[in-house]
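Bear in mind these aren't lab numbers, they're just calculated from the coordinates by the rules spelled out. Nothing here was measured: the structure is a model prediction, and the numbers come from that model. Using ideal geometry, Cβ is built from the backbone for each residue, glycine included, and neighbour counts are taken over all protein chains shown.
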Amino acid sequence: MTLYHFLSLSALLFCIGIFGVLTRRNAIGILMAIELLFNAVNINFVAFARFINPQGLTGQIFTIFVITVAAAEAAVGLALIILIYRQHKGVEVDKINIMKW
Amino acid sequence: MLPYSWIIPCFPLLSFALIIFFTIKKPKLSSQISIGAVALSFIFSLIVLVSVLGNPVTSEFKFNWLDLPGFKVDAGMLIDPLTSVMLMVVTIVSMLVQIYSVGYMADDPRFARYFSFLSLFTFSMLGLVLSNSFFEIFIFWELVGLTSYLLIGFWFEKKTASDAGKKAFITTRTGDLAFLVGIFLLTTTVGTVNFQEAFHQVESGAISSGLLTLSAILIFGGAVGKSAQFPLHVWLPDAMEGPTPVSALIHAATMVAAGVYLVARLMSIYALSVPASLVVAIIGAFTAFLAASIALVQNDIKRVLAYSTISQLGYMIMALGLGGYTAGTFHLMTHASFKALLFLGAGSVIHAMHTNDIWEMGGLYVKMRTTAITFILGSLSLAGIFPLSGFWSKDEILLLAWNKNPIFAIVGMAVAFMTAFYMFRLCFIAFYGKARDQHKFDHAHESPKVMTVPLVILAFLSIFAGWVGIPWLSKGYSSFVYHHEVHHLEPNFILMIVATLVALSGIYLAYVIYYKKTISAEGLKNKFAPIHKLLYNKYYFDELYNAIIIRPIFKLADFLFKKFDQGVIDWLVNAAGNFTVFLSWFWELFDTYIVDGAVNGVGYVVRGTGAVIRRVQTGQLQNYAFIIFFGIVLIILLKVF
Amino acid sequence: MNFPILSYMIFIPFVGIIAVLLLKKEQVQAIRWASALFSFIPLVLSFFLLAHYDSSTSTMQFVEKHNWIPSLGVTYFLGADGLSVPMLFLTALLSFLSVIASFNINFRVKEYFAFFLLLEVGMMGVFAALDFFLFYIFWEVMLVPMYFLIGIWGGPRKEYAAIKFFLYTLFGSVFMLIGILALYFTSQPHTLDMMQLISQAPLLGRGFQLIVFVAFFLAFAIKVPVFPFHTWLPDAHVEAPTAVSVILAGILLKMGTYGLLRVSLPMFPKAALYYALPLALLALINIVYGALVCMAQKDLKKMVAYSSVSHMGYCILGISALTVTGVSGCVFQMFSHGLITGALFLLVGVLYDRAHTRDIDAFGGLWAKIPVYTGVMTLFCLGSLGLPGLSGFISEFMVFIGSFPVFKVIVALAVLGVVITAAYFLRMIQKMFLGTFNTKWEALTEISGRELFTVVPLAVLMIGVGVYPSPLADMIKATLENIVHLVTG
């Protein structure tokens, strides 16, 4: 197993995530796709840490950070989605165009 | 005792506060408080008099009240023989008048308030005579003015009464203007407001004689206002609208004498300025003559007495102007007793008859014996008949005038003649002859004891008070109250006899005209119609002042407000406003077509561009995410390659 | 002393604004009492200020100084001396009493009290600020609530009056701003600190002083108001609600004279000497002209308003004399006029609330009907016309005696104002309270306890200062001596 394997996996995961973000209609789906993006990044961190600097723990610590932030982001995101649901009776993002002026 | 003399004015002040704040609803108690307070003041004044008699020196007690550079005031008291005499005069008259008022004002709904005002007046007047500085005397000066205002307008429902109060306050305040400026001039030059320090400075020549004369005359302006001297005498007759006891206390015996007191107090200054003294003497003599002549033809009993008061005050002022410190203050003292008596007697008559007009009275002697006898005694005293009080004091003044300048003595004689005439005209018309108004006559009755007892006491004083000044006494008035050193004028028998004859002839003339009716009063009136009219209308002073002072001031005020304030200044302000509005309108046009033209041109370009580009803004979240993503990819690609 | 008392005095009303805003607008009583409480605390603090003020020195006390905008040299600099302590006390007192007097406001109560407290913040600030930046901010802060208070709660011509007031004052403020900038750029190093500017003052050129003095004078003269800038005053005073008239007359006018004493005299000594005579002449016009115009008034409130023009003239006269006694007289007059005219406006309001008219001729014989009201009104009228024993007299006397050695003729003429003042007040008293009772007012009720509460403290102070002025005189003496010394050297 080399670094490339990991990077490939992570790239694959990232692309799936991007695809999800761009195509899902459901806001919750988008949120989940974003989680995939986070995980792709996490894999990258861990992989680089393992292969580039095996002694240090920087990558792992950063990963934990990212997980924490992701959790917070999910919480805030979900709260927003619930509010949007209440306002618009749905979470389809193509229906929500209040940002357009 | 002397250092505690401050307590004398405190009693009436306390009484005033007590009545106003606590007992205003209890008339009887209020009058008792008030009389009790003035009685206490009287006792303490008596103690002061006795101790000053024992040791006749000037003593001053003071404490620092205000200390600013150029303006240092020591509040305190100045006690000398003059002060102690004045304290007695004020407390005695005030006490008697207050007792009298219990009867006179018995039915008044504002009884308690009346006594509170009397207390306030007594406080202010006592404060005035005890003052030790120009500043302090001015304070009390204004306060007595205020109480005079309140008491003249006491029956404020009557328009004439409230008018008279206002007139009195404003007229005396006009005199106070001069007083105030005089104080400024004198005190800022000598650098102190304290009497004794100022006298000391003046005597040591700290002020040039011109300035001294100017300030002395200006200060005299205050006395002219308060003592109703020409040309500010017009307020006093109107002040008779107040309750009669008030007229007795304030407008005859005490407050109006404050002007005389002031000149006496400042004798050190007037003594050093010959022109100022001359002005004082001339004003006094002129007023004495003027007022006496008006009194000859008045029909209102109180107005006759009022003009008599003005005339007698003129007498005192004349005496002081001639340097007669002793004579002037002596006459002040005797005059207080008989003039208070006359006013209270008149009040008793008015109380019985419910009218002021002497032509509705007549034959009252049988109905009101005490009042009539005391009134006639007072008139004799005022006319200067031997050996009543008035004789001694008037003689002192005439003697002084004769020695200094015979012209004044002749004027004095003429005034004495007129005085005797108008007083006995009054007596004969009111107390003798037939009743002219039968209805009123039938209802007339002697006043209650509470009113007649003060009359009797005052009559007693009108006879005997002057005896302290009998010229042959070695320890008389003149050796107690004097300025610098005792001047003993040699008694002049001829003068005494002439004066008595003059007074008697005045009385005789009145007797012939109004009692015997051998000379017809009507005939005389018709013979001298223009003079009578002139006198009857008081030389038209009121009309004159109205035309040359009061109306122009109102006109000016109206002009300044309507024409200047609203017409000019506000017009300018509004014009500036309107001009600004016009300018803004103009610039608005400029804005719309030129500035806005340019701005709008830019706007069109921007809007056109925006119309194209806005299509990018879909509001779709995923479009934005897509653009962001590919934007990043693009940037990375650009960076890598 | 470390306790920042001045900041507290300024900002506790501000806390009050927040408290009032947090209350629901229906809770009228709560809003009233909250405002009363938050204006009462500064009053308590001001007593503390009086007690702890050391009158033996002219240096600033209770000083607070913090950097604020260092790049411009702006500091948060507060302090009080013998000039500002009485004014702070007066402000606290009148604000509190005015709030109490405003309890009868029923229209948009919440906003009213919020604006009122904001006004208090501004006034306190002006009297405590020692940095021009801060001074200017507070000066302008006052303007806004005043505009709304007149414009919303005022009488029939409120819009006209509010705009006139606002524009007049703003017009002056602009000149003051120019003056401040001129001072800032000429000082070395650039500073807005008043104390430093005063110490640099002698270095300024005479010509420069003459010009900048005029700029400041315009701002202050409009506030005072000095003839011919006075026509905003009758309109604003008459249209404003009672409590606002009280503040206008009691505090706002004093800011003009305060500014002259705080800024103009110490910072432009040469100009102050140069302009002394014109200033005295303007004062004379103010005194006599204002009094004469009063005579022509039929509206009671307008008469009281114009009497302020006359009375503030005495202040200007005292300042122009540049003697300690004259300037002390000015401060006395500021204090005393605040008490007396404040009370007069309160009393006019009391009558207006009941009778709905202020026409002097419409009344008559009220003494018989409402004796307590008449007594109190007469007392304050007497105070205003300078009756000895009351504070107005001692102030006028000090002004006169202080300026007499300098301007003999002007003072002699100004004394005329005293008589005219007596005339118009007595005329008013006679027409309203004396004479036969006008039965139209049968239903008129006596002054209420709350209303009496608002004027009694003022009466007590008026008599207190009149009978024994030494405490106040001692408090201001050192400061004023210093100011006069700065000018005359």
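Can you give the percent of C-alpha pairs in segment B:449-551 whose distance is more than 19 Å?
In whole percent, the share of Cα-Cα pairs in segment B:449-551 beyond 19 Å is 74.
Both radii come from the Cα set of segment C:106-148: Rg as radius of gyration, Rh as Kirkwood radius; their ratio Rg/Rh reads 1.08. Taking a straight Cα-Cα cut-off under 17 Å and skipping sequence neighbours fewer than 8 places away in the same chain, the aspartates and glutamates within cross-link reach of B:K440 are B:D300, B:D357, B:E360.
Enter the mean projected area of the convex hull around the alpha-carbon atoms of chain C, in nm², rounded to one decimal.
21.0 nm²
Projected onto its three principal axes, the C-alpha set of segment C:286-384 covers 47, 25, 18 Å, listed from the longest axis down. Does anyone have the angle between helix C:449-467 and the longest principal axis of chain C? Alpha-carbon axes, 0 to 90°, nearest 10? Tilt of helix C:449-467: around 50 degrees. Sorted fewest first by neighbouring Cβ atoms within 10 angstrom, B:T172, A:T2, B:T83 come out as A:T2, B:T83, B:T172.
Only counting other Cβ atoms within 10 Å, I'd like B:V612, C:V460, C:V324 sorted with the fewest neighbours first.
Going from least to most buried by this count: B:V612, C:V460, C:V324.
The angle separating the long axis of helix C:109-128 from the principal Cα axis of greatest extent in chain C is about 40 degrees.
Principal semi-axes of the equivalent ellipsoid, √(5λ) from the alpha carbon gyration tensor of segment B:246-297, are 24, 18, 4 Å from largest down. Placing one equal scatterer on every Cα of segment B:249-366 and applying the Debye formula, the log10 ratio I(q)/I(0) at q = 0.15, 0.20 Å⁻¹ is -0.67, -1.00. With the biggest extent put first, the Cα atoms of segment C:203-361 measure 59, 26, 24 Å across the principal axes. Per the Kirkwood formula applied to alpha carbons, the protein assembly as shown shows a radius of gyration over Rh ratio, Rg over Rh, of 1.17. Once each of the trypsin sites (Lys or Arg not before Pro) sitting in a DSSP loop with at most 13 other beta-carbon atoms within 10 Å is removed, chain B keeps B:26-433 as its longest stretch.
Remark: C:C381, C:C315, B:C10 ranked as B:C10, C:C381, C:C315, counting other beta-carbon atoms within 10 Å and listing the fewest first. Charges were assigned to the Cβ only: +1 to each Lys and Arg, -1 to each Asp and Glu. The resulting dipole of chain C about its Cα centre is roughly 680 debye.
Please compute the Kirkwood hydrodynamic radius over chain B, one decimal place, Å, based on all pairs of different Cα atoms. Final number for the Kirkwood radius of chain B is 27.7 Å.
Compared with the dominant Cα axis of chain B, that is its longest principal axis, helix B:621-640 is turned about 60°. Taken along its principal axes, the alpha carbon cloud of segment B:1-159 reaches lengths of 48, 39, 27 Å, longest axis first.
Calculate the translational D of segment B:79-185 in whole µm² s⁻¹ from Stokes-Einstein, where the hydrodynamic radius comes from the Kirkwood formula applied to all Cα pairs, the temperature is 20 °C and the viscosity 1.002 mPa s.
Rounded, D is 142 µm²/s.
The residue among B:F590, B:A319, B:V616 whose Cα reaches farthest toward the positive pole of the charge dipole of chain B, with charges on the beta-carbon of Lys, Arg, Asp and Glu, is B:V616. Among the listed pairs B:K72/C:K477; B:K367/B:K449; B:K555/C:K301; B:K25/B:K158; C:K164/C:K302, a Cα-Cα separation exceeding 18 Å is found for B:K555/C:K301; B:K25/B:K158. Of A:L3, A:N53, A:V69, which is farthest on the positive side of the dipole of chain A, counting Cα position, with +1 on Lys and Arg Cβ, -1 on Asp and Glu Cβ, and the Cα centre as origin? Of the listed residues, the answer is A:V69. In this entry, segment C:352-484 is assigned a mean projected area of 10.0 nm², taken as a quarter of its C-alpha convex hull surface. Counting other Cβ atoms within 10 Å of each Cβ, which chymotrypsin sites (Phe, Trp or Tyr not before Pro) in segment B:435-493 have at most 15 and sit in a DSSP loop? Those that pass, being in a loop and sparsely packed, are B:W472. Rounded to the nearest 20, the Cβ-based charge dipole of segment B:492-641 about its Cα centre (Lys and Arg +1, Asp and Glu -1) stands at 540 debye. Evaluating kT/(6 pi eta Rh) at 10 °C and 1.306 mPa s, with the Kirkwood radius of segment B:537-631 over Cα pairs in the Stokes-Einstein relation, gives 76 µm² s⁻¹. Taking only the Cα atoms of segment B:188-244, the ratio Rg/Rh comes out at 1.20, with Rh defined as the Kirkwood radius.
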